[in-house]
Amino acid sequence: MGLGDRLKGLREQAQQAVVENRDKIQDAVQVVGEAANAKTHGKYAAKIAKVGAKVEESVDRVAAGEPRAGGASTGPIAHEPPDPAGPVAGDTAGPASGDTAGGSFPEFG
């Protein structure tokens with residue numbers, strides 16, 4: 001069995017799990033949204049609601065076997081992942097001069 005067949009099988013298993021647990025997933029999203037609203041005192045309520053709605057739409061789409069938003073259900077990633085080696089030597093895109101967020105603190109030696 002090739003990699004493509006294995007991936008297809010895994011996708012089908014995931015889809016079946018979503019179908020079987022759709023209500024549990026949506027309940028969990030609602031509980032997490034309510035907890036986030038409580039922790040942030042409603043400051044991000046609109047954003048939390050928007051994310052919750054998108055998750056529910058995605059769950060419905062997966063359960064129905066529809067492709068993901070924006071294209072086919074399989075295929076390459078549209079963007080390149082960041083370079084795991086980090087910035088290239090001589091790269092000037094780093095912390096600003098005097099910024100100690102990623103380095104040592106001069107006052108502590």
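The numbers here are math on the coordinates, done by the rules we state, and not lab data. Everything numeric here is computed off the predicted structure, so don't read it as measured data. Note that each Cβ is placed from the backbone with ideal geometry, even for glycine, and that neighbours are counted across all protein chains shown.
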Cross-link partners among lysines for LYS50, C-alpha distance below 24 Å, same-chain residues fewer than 8 apart left out? LYS24, LYS39
Which of VAL55, LEU3, ALA36 sits closest to the plus end of the dipole of the stretch 1-66, meaning its Cα is farthest towards the positive end, when Lys and Arg get +1 and Asp and Glu get -1 on the C-beta? ALA36
